[in-house]
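Worksheet: the structure to be examined is printed underneath.
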Amino acid sequence: YTRWTYQYILSKLLPPEVHPPPTAFEQVGHLAHLNLKPHHEPFRKLIGDVLLDRYGKIECVVNKIGEVSGPYRTYEMELLAGKYETKVDLNENGLKLSLDVAKVYWCSRLSGERRVILDDYIQEGQTIADPFCGVGAMCILAAKEKNCKVLANDWNAEAVEFCDINAAQNGVSHLIKTCAGDAYDFLMDLGLEQQGEKVQLPHHVIMNYPLEAPRFLSALRWWPVYKSEESDLEGPVIPAFHVYTFSRADNENDEDARDVATVAIDLVAHHLLPEGGATEPSKHRQKELNRLGCDIKAREIRDVAPGKVVMCVTFHATPKLLQHMQ
C-alpha cells in the first residue's frame, strides 16, 4: 500500500462508472485543494481520506465549491479530511510566506510568472508599484532579490496584513510600503504630489488582476507629463506596465479575425485611449500605441478554459501617451 500512488489506490476503490479518478490537486502549505467533478462528489470523503493518508505533509483536504468570486477573489470550500485549518505557511522562490486561503487570493501556478517578471524585466534598485499585491509574493521577491523599493496596495485589508507579515519575516519591511484601498485611487495617487514632494513615478507597475485590470488604466490621465529637462535624472522615469487580462481569439470565420494577443492589446488600448462616440471599439491598435512610443507587446501566460487564456500586456507609459490621455 505504501508503494502505490494516490491515483492507483483510488482506481481500485472507486466504482468503474466514475473512472478515471481525480488526479490533480493544488497543495498550499499543509492544505490540499481539490476541484472535484460532479460525478466524483458522492465519493469526496473517500477521496479526501486517501489523499490525506498518502501524503504525509498534507494535514487538511478541501474541495472548492463554486467559482472564485467577490471583491477579494476567494471561494467557498468544504472540508473533506483532516483538521480544518486554512492559515498556511509555505516557501516559494526562497521566500517564507504566510496566508489564509479562505480569506485571501492565492495561486501557486503564478510562481513561475513572478520569476519571469523579476528576471526578465526588473533591474536592481528599481521602484515597483503593485495595485493588486495580495499577500505580497511579487513585492517581497523584488525587494529581497533586487533591493527594489515597493509600493503595494490591495482592496483586501487582510491580504495587506499578510503582506506586512511576510515582508517582516523575509527582512524587507524597510523596502515595502503598503496600503489597503481602491486600485484606481492608488494608481492615480502615484502621479500626484504628496505633501509637496515631487512626483517620482515607479519603474514598473504590475497589475495582476486578469478579471478587471485594464479598466483601471484610465487613472493614468492624472499623471504628470514630464519633459527630459524637468527631471533630475538622465531622463524621466518611463514606467513599464505589466497588465494581466483574460483574452479570447475572434471567431476564425469572422472578417479581420484577431488572435488572443491582438485582442488583449486592443482591450488595453481601449482603456488607455477610449474612442468616444464609436459604435464599436476599433481593432488592431498596436501600431497606434507604438507611434506614441509604448512598445506594446503581449505574451500568453496560461489557459484557464477552452479558448480562454490569461495574457500579460506590457507597454511603456510614455509622455506622449500620457499627453494624449489628458
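Just a yes or no: is a residue in region 106-116 outside any strand (DSSP E or B), under 30 Å from His316 (Cβ atoms), of a type in the set (Gly, Ala, Ser) and open to solvent by less than 40 Å² (accessible area, probe 1.4 Å)?
Scanning region 106-116, I find at least one residue that is outside any strand (DSSP E or B), under 30 Å from His316 (Cβ atoms), of a type in the set (Gly, Ala, Ser) and open to solvent by less than 40 Å² (accessible area, probe 1.4 Å), so the answer is yes.
For every residue, the table says whether it meets (1) polar (S, T, N, Q); (2) touching a Leu at 6+ places or on another chain (Cβ under 7 Å); (3) at negative phi.
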{"residue": "Gln27", "(1), (2), (3)": "yes, no, yes"}
{"residue": "Asn35", "(1), (2), (3)": "yes, no, yes"}
{"residue": "Arg44", "(1), (2), (3)": "no, yes, yes"}
{"residue": "Pro71", "(1), (2), (3)": "no, no, yes"}
{"residue": "Glu76", "(1), (2), (3)": "no, no, yes"}
{"residue": "Gly82", "(1), (2), (3)": "no, yes, no"}
{"residue": "Glu85", "(1), (2), (3)": "no, no, yes"}
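Inside region 178-210, can you point out the residues that are open to solvent by 60 Å² or more (accessible area, probe 1.4 Å) and either under 14 Å from Leu141 (Cα atoms) or touching an Asp or Glu at 6+ places or on another chain (Cβ under 9 Å) (or both)?
Of everything in region 178-210, those that are open to solvent by 60 Å² or more (accessible area, probe 1.4 Å) and either under 14 Å from Leu141 (Cα atoms) or touching an Asp or Glu at 6+ places or on another chain (Cβ under 9 Å) (or both) turn out to be Ala180, Lys198.
Please verify whether Arg109 is of a type in the set (D, E, K, R), modelled with pLDDT of 95 or more and under 14 Å from the mean Cα position of the chain (by Cα), treating the condition exactly as stated.
no
Checking Ile128 against (1) among the aliphatic types (A, V, I, L, M); (2) closer than 26 Å to Leu217 by Cα; (3) part of a helix (DSSP H, G or I); (4) open to solvent by less than 10 Å² (accessible area, probe 1.4 Å): exactly one of these is not met. Which one?
Going through (1) among the aliphatic types (A, V, I, L, M); (2) closer than 26 Å to Leu217 by Cα; (3) part of a helix (DSSP H, G or I); (4) open to solvent by less than 10 Å² (accessible area, probe 1.4 Å) one by one, Ile128 breaks only (3).
Tell me, please, whether a residue that is modelled with pLDDT under 95, open to solvent by 80 Å² or more (accessible area, probe 1.4 Å) and either closer than 19 Å to Met188 by Cα or hydroxyl-bearing (Ser, Thr, Tyr) (or both) can be found in region 254-272.
no
Which residues, counting only those in region 238-253, are of a type outside the set (Val, Ile, Thr), open to solvent by 10 Å² or more (accessible area, probe 1.4 Å) and part of a loop (DSSP other than H, G, I, E, B)?
Listed by number, the residues that qualify are Ala249, Asp250, Asn251, Glu252, Asn253.
Could you pull out the residue among His30, His40 that is modelled with pLDDT of 95 or more, over 22 Å from Phe162 (Cα atoms) and surrounded by 15 or more Cβ atoms within 10 Å (Cβ to Cβ)?
Unique residue meeting the criteria: His40.
For every residue, the table says whether it meets (1) under 29 Å from Glu113 (Cβ atoms); (2) open to solvent by less than 30 Å² (accessible area, probe 1.4 Å); (3) of a type in the set (A, V, I, L, M, F, W, C).
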{"position": "Leu46", "(1), (2), (3)": "no, no, yes"}
{"position": "Arg54", "(1), (2), (3)": "no, no, no"}
{"position": "Ile65", "(1), (2), (3)": "yes, no, yes"}
{"position": "Val88", "(1), (2), (3)": "yes, yes, yes"}
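Taking the residues in region 90-105 that are aliphatic (A, V, I, L, M) and in a loop (DSSP other than H, G, I, E, B) as candidates, determine which candidate is surrounded by the fewest Cβ atoms within 10 Å (Cβ to Cβ). So that I can check it myself, show each step before the final result.
The initial filter retains those residues of region 90-105 that are aliphatic (A, V, I, L, M), namely 90, 95, 97, 99, 101-102, 104.
Next cut, in a loop (DSSP other than H, G, I, E, B) only: 101-102, 104.
Working: Val101: 20, Ala102: 16, Val104: 21.
It comes out as Ala102.
Checking the condition in contact with a strand residue (DSSP E or B) (Cβ under 6 Å, 6 or more places away or on another chain), more than 26 Å from Leu187 (Cβ to Cβ) and either among the acidic types (Asp, Glu) or in contact (Cβ under 8 Å) with a residue 12 or more places away in the chain (or both), which residue from Ala81, Ala129, Ala143 passes?
One residue alone meets the criteria, Ala81.
Does Lys83 fit the bill of being open to solvent by 50 Å² or more (accessible area, probe 1.4 Å) and more than 30 Å from Arg44 (Cα to Cα)?
No.
The values are calculated or read from the model by the stated rules, or taken from the named source; none is laboratory data. Computed from a prediction, not measured in an experiment: that's the story for all the values here. Heads up, the Cβs are rebuilt from the backbone with ideal geometry, glycines too, and the neighbour counts pull from every protein chain shown. We work out accessible area using only protein heavy atoms, side chains counted, and drop any ligands, DNA or RNA first. Shrake-Rupley method; radii C 1.70, N 1.55, O 1.52, S 1.80 Å.
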